[in-house]
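The values are calculated or read from the model by the stated rules, or taken from the named source; none is laboratory data. Note that the structure is a prediction, hence the values are computed from the model and not measured. When we count neighbours, we look across all protein chains shown, and the Cβ atoms used for this are built from the backbone with ideal geometry, even at glycine.
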Amino acid sequence: MRKIIIAVAFVVLLTKVSCHHSTERDQTNGVTFIIQQDTIPVLIGKDWNPVLKILVDIPGGMNDLNLSELLINSSGTTDINDISSVSIYYTGSRESTKDPIQYGETLEPSKKMVFKGSLSLKKGENYFSVSYTLKETAKLTNRVDAGCEHIVLGEKMKIKPSMPSPPFSNRIGIALRQHGQDDCDTYRIPGLATTNEGTLIAVYDNRYNGSVDLQADVDVAMSRSTDGGQTWEPMKVIMDMGEWGDKPEDENGIGDPAVLVDRGTGTIWVAGIWAHGTPGKRNWHSSRPGIEPIITSQLMLVKSEDDGLTWSEPINLTPALKDPAWYLLLQGPGKGTTHSDGTIVFPAQFKDHENMPHSTIIWSKDHGENWSIGTGAKSNTTEAQVIELDNGSLMLNMRDNRKGSRSVYTSSDLGATWEMHPTSRSALIEPVCNASLIKGKFQVNGKEQKLVLFVNPNSTRGRQHMTVKVSTDDGMTWPEENWLLLDQGRGRGYPSMTQIDGQHIGVLYEGSQADLVFEKVHIDEIMDR
């Protein structure tokens with residue numbers, strides 16, 4: 001995020017600030033005029049997209065001033081045809097999206113746009129947002145931008161910044177799922193994969209009646225894109241336990257999905273956890289030792305053998321994999337991988353006989369006919385992601401409940417034994433949250449390069465600063481010059497990432513601007529930083 005601050009006492013003074021939400025003010029009896037841009041995506045499918053924020057601070061010694069004009073430009077926008085309309089909203093004495101008042105009329109986009117109106121600005125802070133509505137055809141690898149060339153206050157007091165727009169522009173994304181969409185309260189826990197046919201498969205929770213975790217009325221749903229994420233087919237429910245066992249749907253929720261593509265057969269697998277018969281309780285705490293659904297939550301699979309068009313009935317892995325002494329067994333939400341020898345691997349987690357969680361893996365060497373489970377990699381770890389390293393071992397990158405940073409372990413025997421990786425608890429910070437980890441070959445500036453990519457909220461204090469990081473040495477180092485901030489704002493924080501093709505990745509994450517945000521990133525944008 002960048003801010004430009006102009007303090008005016010009939011003379012304009014410019015100060016540029018690079019920070020988050022802090023403000024510098026002139027000490028003279030003048031007007032403070034702040035232009036602010038945040039690192040947040042501008043989303044297709046969302047009407048309110050704050051591209052530029054403006055603060056006009058009227059000091060106590062002045063009378064109220066009338067705002068009669070703002071001159072906005074779109075400088076820095078890749079293609080103005082990506083924008084459908086431009087509006088300005090007044091949010092009063094604070095930054096807010098609640099009950100905004102539109103200033104002037106909505107305009108068609110152009111290089112310069114003059115917004116006229118009459119608004120009495122009170123003493124103190126007065127906030128405005130320049131909002132873009134994007135066309136559905138807006139290209140995801142383009143950017144949009146806005147600047148303010150002047151405002152007119154009082155009797156022709158024109159305030160001009162010397163730098164109308166901060167040196168920054170906003171990425172374009174898609175609001176794939178939004179709060180309340182399709183009569184569903186909340187969408188959570190994304191998983192994202194690319195099929196052998198190049199189709200993107202996004203899976204996630206449909207949390208119908210609220211945002212809480214299981215037990216609740218929850219199904220696993222899917223969105224499908226056949227054009228690299230530019231457009232998406234309508235949402236489809238693929239895991240729904242209905243009213244099993246004569247219990248209502250809110251006692252048969254299934255969620256926290258993980259998706260895996262078997263590269264050998266093309267089969268798409270989705271894992272979910274089914275909670276049965278524990279109304280009003282959280283599944284993480286209510287599941288008990290045992291095997292039956294009324295006692296313990298169930299690890300379930302569905303599969304598609306036609307590129308995600310149709311899906312099987314649920315397959316229950318609990319009797320085959322769960323130790324009856326364990327309190328809980330479930331997948332690591334997000335995604336799995338295919339090993340170079342054809343073994344398919346899901347990250348997983350279990351709570352042992354003492355109710356202590358451990359990250360692990362489940363795997364199959366016969367394309368899902370039979371499944372096996374590894375041992376716990378480390379105590380008090382949960383949601384994990386897995387890739388194969390160059391030496392053939394598996395790297396398990398884990399959420400660690402000790403807080404602060406990710407735990408990383410490796411195994412050369414499919415999880416029978418584990419060894420701590422040199423980067424464990426040091427290289428990748430986290431606020432105790434899920435993350436995503438992938439590996440692939442990319443065309444970087446015209447040359448093929450093998451990369452490991454990681455994305456999570458890059459923070460220890462909250463689920464904010466969703467950031468992609470890249471390693472060129474198989475996960476040993478993560479140079480800061482190859483970090484890409486997608487969203488500085490606070491959200492629920494779970495991401496999932498996939499390689500779309502040799503030049504692009506896709507990231508689906510719980511963002512600050514929508515329940516589930518999809519962004520498409522060119523690899524050179526990360527590597528050329």
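Here are the numbers:
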| quantity | calculated |
| --- | --- |
| Tabulated pairs, the stretch 296-309, first on the phi > 0 side of the Ramachandran plot and part of a loop (DSSP other than H, G, I, E, B), second among the charged types (D, E, K, R) and at pLDDT 95 or above, C-beta under 6 angstrom, 6+ apart or interchain | Asp307/Glu197; Gly308/Arg224 |
| All positions within the stretch 349-379 that are touching a Pro at 6+ places or on another chain (Cβ under 8 Å) and charged (D, E, K, R) | Lys351 |
| Residue satisfying all of: in the stretch 381-390; in a strand (DSSP E or B) and of a type in the set (A, V, I, L, M, F, W, C); farthest from Lys450 (Cα to Cα) among these | Ala384 |
| Residue check for Pro289: touching a residue at least 60 places away in the same chain (Cβ under 8 Å) and outside the structural domain of Asn206 (by TED's automatic domain parsing) | no |
| Selected residue (only one of Ile40, Ile58, Ile54, Ile34 is modelled with pLDDT under 95, touching a Ser or Thr at 6+ places or on another chain (Cβ under 7 Å), of a type in the set (A, V, I, L, M, F, W, C) and not assigned by TED's automatic domain parsing to the domain that holds Gly228) | Ile34 |
| Set Ser96, Ser87: member being within 30 Å of Tyr509 (Cα to Cα), under 33 Å from the mean Cα position of the chain (by Cα), loosely packed, with under 15 Cβ neighbours inside 10 Å and in contact (Cβ under 8 Å) with a residue 12 or more places away in the chain | Ser96 |
| Condition broken by Met222, with the remaining ones in (1) among the aliphatic types (A, V, I, L, M); (2) closer than 21 Å to Pro347 by Cβ; (3) outside any strand (DSSP E or B) satisfied | (3) |
| Qualifying residue in the stretch 328-339 (condition: more than 18 Å from Ile254 (Cβ to Cβ), outside any loop (DSSP other than H, G, I, E, B), at pLDDT 95 or above and out of contact with any helix residue (DSSP H, G or I) (no Cβ under 8 Å at 6 or more places or on another chain)) | yes |
| Subset of the stretch 249-269 that is free of Cβ contacts under 8 Å to residues at least 60 places away in the same chain and part of a loop (DSSP other than H, G, I, E, B) - its residue that is nearest to Ile201 (Cα to Cα) | Gly253 |
| Output for the stretch 498-514, where each listed residue is out of contact with any Phe, Trp or Tyr (no Cβ under 8 Å at 6 or more places or on another chain) and within 24 Å of Lys441 (Cβ to Cβ) | Thr498, Ile500, Asp501, His504, Ile505 |
| Residue selected from the stretch 379-400 under the condition over 30 Å from His285 (Cα atoms) and polar (S, T, N, Q), by the criterion nearest to the chain's Cα centre (by Cα) | Ser393 |
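Residues checked against (1) of a type in the set (Phe, Trp, Tyr); (2) under 15 Å from Asn434 (Cα atoms); (3) touching a residue at least 60 places away in the same chain (Cβ under 8 Å):
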site: Ser340; (1), (2), (3): no, no, no
site: Thr343; (1), (2), (3): no, no, yes
site: His353; (1), (2), (3): no, no, yes
site: Ser359; (1), (2), (3): no, yes, no
site: Ser364; (1), (2), (3): no, no, no
site: Trp371; (1), (2), (3): yes, no, no
site: Ser379; (1), (2), (3): no, no, no
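The rows are residues; the columns are (1) closer than 25 Å to Tyr409 by Cα; (2) within 10 Å of the chain's Cα centre (by Cα); (3) without any contact (Cβ under 8 Å) to a residue 12 or more places away in the chain.
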position	(1), (2), (3)
Asn458	yes, no, no
Gly462	yes, no, no
Val470	yes, no, no
Glu480	yes, no, yes
Met497	yes, yes, no
Asp501	no, no, no
His504	no, no, no
